[in-house]
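S.K.: The structure is given below, and queries will be raised subsequently.
What follows is calculated from the coordinates using simple rules that are stated; it is not laboratory data. On a predicted model such as this, the values are computed, not experimentally measured, just so you know. Every residue, glycine among them, receives a Cβ derived from its backbone with ideal geometry; neighbour counts consider all protein chains shown.
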Amino acid sequence: MGYKRELEVAAASLREMHKRGIRILPGGDYGFAWMPHGTNANDLQYFVDYIGMTPKEALLAATRLGGQIMQRPDELGQLKAGFLADIVLVDGDPLQDLAVLTDPAKIQLVMKDGVIYKDCATPVPAQAALHLDGADSPLQEQGVREAIAEMS
């Protein structure tokens, strides 16, 4: 059949599944020459290009639907009080450009279970750090306040 035809058939099937409301999630086997570790964020753009999802639908497939499929919908995949604090903060708007998730320079913070594994940069600029009341970056602080208000 050939790879090109296989991709066409798979994409058509996945588009139909998506139209019918069947959950489609990113993920697969990584760590090979053709799919090295750290490239899984590319899947989100593939969902847009080949399945017809919007960037928001692709992000929800990777987050909220991931929590559902792992049978942990009340603790994974959303920014909500009581959920595990798994967060990736990027410099950009992935709803406008999913490529910000594939550029290591754009990934400003990685938090897993509330523990920060990568902070904003090395060295960390004070204006990029997350702050709350009394901080010195009012525009960033407003964004943090709004995110926390949405979680409440």
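S.K.: Beta carbons within 10 angstrom, averaged per residue: use that to sort the peptides 77-88, 45-56, highest first.
M.R.: 45-56, 77-88
S.K.: Something else about it: In the stretch 3-118, how many lysine pairs have Cα atoms under 21 Å apart, counting only pairs 8 or more places apart or on different chains?
M.R.: Lysine pair count for the stretch 3-118: 5.
S.K.: For residue 13 and residue 84, FRET efficiency with R0 = 41 Å and r from the beta-carbon atoms, rounded to 0.05? Don't skip to the end; give the middle numbers.
M.R.: Values: r = 33 Å, r/R0 = 0.80.
Once the sixth-power term is evaluated, E becomes 0.80.
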